[in-house]
Amino acid sequence: LTFRIQEGPWFDPAAIELLGYQQELDMLRGVMHRRWRFRDAAGRITSVHEQRLVHMESAHLAAVQLSLRPENWSGSVQFRTAIDGRVRNEGVARYRALENQHLKPLFTSEVDTETITLECVTNQSGVRIAMAARTRFFLNHNPAPPQIRECLQQPAYIGQLCTLQVASGEKLTAEKVIALFTSRDPAISSI
């Protein structure tokens, strides 16, 4: 889940002026909070609050909530939400010559305007992995369907580009809930 302002570049911490940053882990509730405030190359100042969690009782569920508040600008914000099965193991230089793509895509789908799915299988062990993600948007805590929602599909990748409008001082929130199951989980079906 990422964003960009006014169709500019996708958010990149290396390309902005960081005006403040705070990170805390709420051990009681199991929620990671990150807050940052930044100025982009166009001089726009934005505050962001991100919350992440993996459900302790149901380890198949995870969620991220990203809220942004423009401080000195109004305009469009585009979010990219996706499930990406094209991940490769390329972190260690001496292993880069070896086979590094461990997932074979089976299918992707857009279930409805909020939900996308990806199913793949591991190359060696044959474990099937099914993932689904639902992304919803809120403006000042009220449901805010995107003005534009476009599906992006490639082998082993599915995503959506969602465009919304926000005014200075308003709070725009993206809420993404993810479910992940494998063929090793008891009593499941991908249908």
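The values are calculated or read from the model by the stated rules, or taken from the named source; none is laboratory data. Note that the coordinates shown come from a computational prediction; the quantities given were computed from them, not determined experimentally. Methodologically, a virtual Cβ is constructed for each residue, glycine included, from the backbone with ideal geometry; neighbour enumeration extends over all protein chains shown. For accessibility, only protein heavy atoms count, side chains too; no ligands or nucleic acids. Shrake-Rupley method; radii C 1.70, N 1.55, O 1.52, S 1.80 Å.
Solvent-accessible area per residue in region 65-191 equals 56 Å², computed with a 1.4 angstrom probe and all protein chains kept. Its residue count N fixes a reference of 2.2 N^0.38 Å for region 1-53, and the Cα radius of gyration divided by that reference is 1.27.
A simple spin-label model places the labels of ALA93 and LEU61 4.5 nm from each other, with each point 7 Å out along Cα-to-Cβ. Taken over the C-alpha atoms, region 98-176 has Rg and Dmax values of 16.3, 51 angstrom. The GluC sites (Glu not before Pro) of region 87-191 meeting both criteria, a DSSP state outside H, G, I, E and B (loop) and at most 12 other C-beta atoms within 10 angstrom of the site's C-beta, are GLU90, GLU99. Rounded to the nearest 20 debye, the dipole magnitude of the chain is 280 debye, with +1 charges on Lys and Arg beta carbons, -1 on Asp and Glu beta carbons, and the Cα centre as origin. A 1.4 Å probe run over the protein chains yields, for region 10-63, 68 Å² of accessible area per residue, whole-number rounding. What residue among THR163, THR122, THR81 has the largest mean-square fluctuation in a Gaussian network model of the chain, using Cα springs under 10 Å? Sorting by GNM fluctuation, first place goes to THR122.
Largest accessible area first, the residues ASP84, ASP185 order themselves as ASP84, ASP185 under a 1.4 Å probe with ligands, DNA and RNA left out.
The dipole here belongs to region 1-106: it is taken about the Cα centre, uses +1 on the Cβ of Lys and Arg and -1 on the Cβ of Asp and Glu, and is about 160 debye. A Gaussian network model of the chain, with springs between Cα atoms under 10 Å, assigns the largest mean-square fluctuation among GLN78, GLN153, GLN124 to GLN124. Working from Cα pairs under 8 Å separated by at least six residues, relative contact order for the chain is 21 percent.
Compared with the alpha-carbon gap, the fully stretched path from LYS104 to ASN140 is longer by 8.9 nm at 0.36 nm per residue. For region 44-74 versus region 1-33, the inter-centroid distance based on Cα atoms is 8 Å. For the chain, the gyration tensor built on C-alpha atoms gives a prolate shape. Its axis ratio a/c (a ≥ b ≥ c) is at least 1.5, and a/b is the larger of a/b and b/c. Per-atom-type breakdown for region 48-191 gives carbon and sulfur 53% of the accessible area (1.4 Å probe, protein chains only). Maximal additional length on extending the TRP73-ARG86 stretch stands at 1.1 nm, based on 0.36 nm per residue less the C-alpha distance. Note on region 13-102: Kirkwood hydrodynamic radius from all Cα pairs is 16.4 Å, rounded to one decimal.
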